[in-house]
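The values are calculated or read from the model by the stated rules, or taken from the named source; none is laboratory data. It should be emphasised that the depicted structure is a prediction, and the values quoted were computed from it without experimental measurement. Backbone-built Cβ (ideal geometry, glycine too); neighbour counts: all protein chains shown.
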Amino acid sequence: MPEMPMMLSGWKPEIDGEEWLVTEVEDSLGEHGYGTRIRCEKRGTT
């Protein structure tokens, strides 16, 4: 959901250590199956 906080893990430490805010979510269904694209920005930079 847009405007929800998001926690990332398993990425570089400088990415995992940030607070993120979801700005856009797009679902798709195609020949390769179901997918979701999530766009985020650093929290507090809006």
Which members of the chain meet the condition of being polar (S, T, N, Q) and either under 8 Å from the mean Cα position of the chain (by Cα) or surrounded by 10 or more Cβ atoms within 10 Å (Cβ to Cβ) (or both)?
T23, S28
Counted residues, region 1-20 - those being acidic (D, E) and either assigned to a loop (DSSP other than H, G, I, E, B) or modelled with pLDDT of 95 or more (or both)
3
Return the only residue of T23, T45 being assigned to a loop (DSSP other than H, G, I, E, B) and modelled with pLDDT under 95.
T45
Starting from region 19-44, keep only residues that are in contact (Cβ under 8 Å) with a residue 60 or more places away in the chain, then list their pairs with residues that are surrounded by 10 or more Cβ atoms within 10 Å (Cβ to Cβ) and of a type in the set (G, A, S) whose Cβ atoms are within a distance under 9 Å, requiring at least 6 positions of separation or different chains.
none
